[in-house]
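The values are calculated or read from the model by the stated rules, or taken from the named source; none is laboratory data. Keep in mind that this is a model prediction, so the values were computed, not measured. When we count neighbours, we look across all protein chains shown, and the Cβ atoms used for this are built from the backbone with ideal geometry, even at glycine. Areas reflect the complete protein model, heavy atoms only, side chains present, ligands, DNA and RNA absent. Shrake-Rupley method; radii C 1.70, N 1.55, O 1.52, S 1.80 Å.
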Amino acid sequence: MPHEKFDIAKLERLNDVSRFEYLDPDIMWAVAARPDARTIVEIGAGTGLFALRFAEMAPQADVYAVDVAPAMVRWMFEHRPAALSGRVHPILADETKVPLPTGDADLAVMINVHHELADARASYHEVLRLLKIGGTLLVADWRPGDTGGGPPQVVRATAEQISAILSAVGFCEIESHDLLPRHSLITARKAAVCGTGLVST
Ligand SMILES: C[S@@+](CC[C@H](N)C(=O)[O-])C[C@H]1O[C@@H](n2cnc3c(N)ncnc32)[C@H](O)[C@@H]1O
């Protein structure tokens, strides 16, 4: 699939809280349904806008804010509020390799990242590795069509296309939630019986 990385020069745009009007963290948090999560991993955290919000919503959790762009990770280190700095951990990753332990995450979150993945299958396979059995993945990304703003149409995928990749990689209980005005919103689960990554389409 074609993909396109975020232009670092536009970094400040990610901090615009008016984004919450159409990417409501409360909706995503409710759909993820992991209020007791102790380990949350956000892949493609950018400036950490959502990672910080989830850390506030889950005061018992450590939140690992993962990104491939050194400038983003540096920004998060330099700007995370002191009150959350002990629980929000910026992490520099490779495109499909995250330096975090296997089977430790209760919840993985990927917001506006699917259309940037160079190898979506490999990235989701890595997320499957990070999750505990029973752990949840939440994906939100721009729908194809006239949404106002967002990435070029050519890099956008439908909820069905994203779900098909998740299924192929080995996620279970894949559900699409029609709750966001501009984005597909998908949850999936790592289950013992289908989390092998051996299924292919
Ligand atoms: C459009 S920004 C979204 C940032 C954040 N999720 C938000 O919505 O505010 C996408 C981010 O994903 C990062 N990214 C792209 N591919 C990635 C990958 N394979 N693994 C981790 N991060 C990635 C980019 O560097 C960028 O910071």
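Against the conditions (1) assigned to a strand (DSSP E or B); (2) open to solvent by 10 Å² or more (accessible area, probe 1.4 Å); (3) under 24 Å from Tyr22 (Cβ atoms), where does His115 fall short? Just the number, please.
Only one criterion in (1) assigned to a strand (DSSP E or B); (2) open to solvent by 10 Å² or more (accessible area, probe 1.4 Å); (3) under 24 Å from Tyr22 (Cβ atoms) is unmet by His115, namely (1).
Which one of Ala188, Ala120 is open to solvent by less than 50 Å² (accessible area, probe 1.4 Å), in contact with a His (Cβ under 8 Å, 6 or more places away or on another chain) and over 16 Å from Leu23 (Cα atoms)?
Working: Ala188 fails: in contact with a His (Cβ under 8 Å, 6 or more places away or on another chain).
Matching residue, one of Ala188, Ala120: Ala120.
Where in the stretch 1-107 are the helices (runs of 4 or more DSSP H), entirely inside, with at least 3 residues that are more than 15 Å from the chain's Cα centre (by Cα) and either more than 9 Å from the ligand (Cβ to nearest atom) or in contact (Cβ under 8 Å) with a residue 40 or more places away in the chain (or both)?
Details: elements: 25-32, 49-57, 70-79.
The qualifying helices (runs of 4 or more DSSP H) are 70-79.
Here is a list: Ala168, Ala164, Ala140, Ala191. Which entry is of a type outside the set (D, E, K, R) and in a loop (DSSP other than H, G, I, E, B)?
Numbers: Ala168 fails: in a loop (DSSP other than H, G, I, E, B); Ala164 fails: in a loop (DSSP other than H, G, I, E, B); Ala140 fails: in a loop (DSSP other than H, G, I, E, B).
The conditions single out Ala191.
So is Pro151 in contact with a helix residue (DSSP H, G or I) (Cβ under 9 Å, 6 or more places away or on another chain) and within 12 Å of the ligand (Cβ to nearest atom) or not?
On the way: in contact with a helix residue (DSSP H, G or I) (Cβ under 9 Å, 6 or more places away or on another chain): yes; within 12 Å of the ligand (Cβ to nearest atom): yes.
Answer is yes for this residue.
How many residues are of a type in the set (D, E, K, R) and surrounded by fewer than 15 Cβ atoms within 10 Å (Cβ to Cβ) when one looks only at the stretch 67-86?
Pass one, the stretch 67-86, residues of a type in the set (D, E, K, R): 67, 74, 78, 80.
After this cut, where a residue has to be surrounded by fewer than 15 Cβ atoms within 10 Å (Cβ to Cβ) as well, the list is 74, 78.
Residues meeting the conditions: 2.
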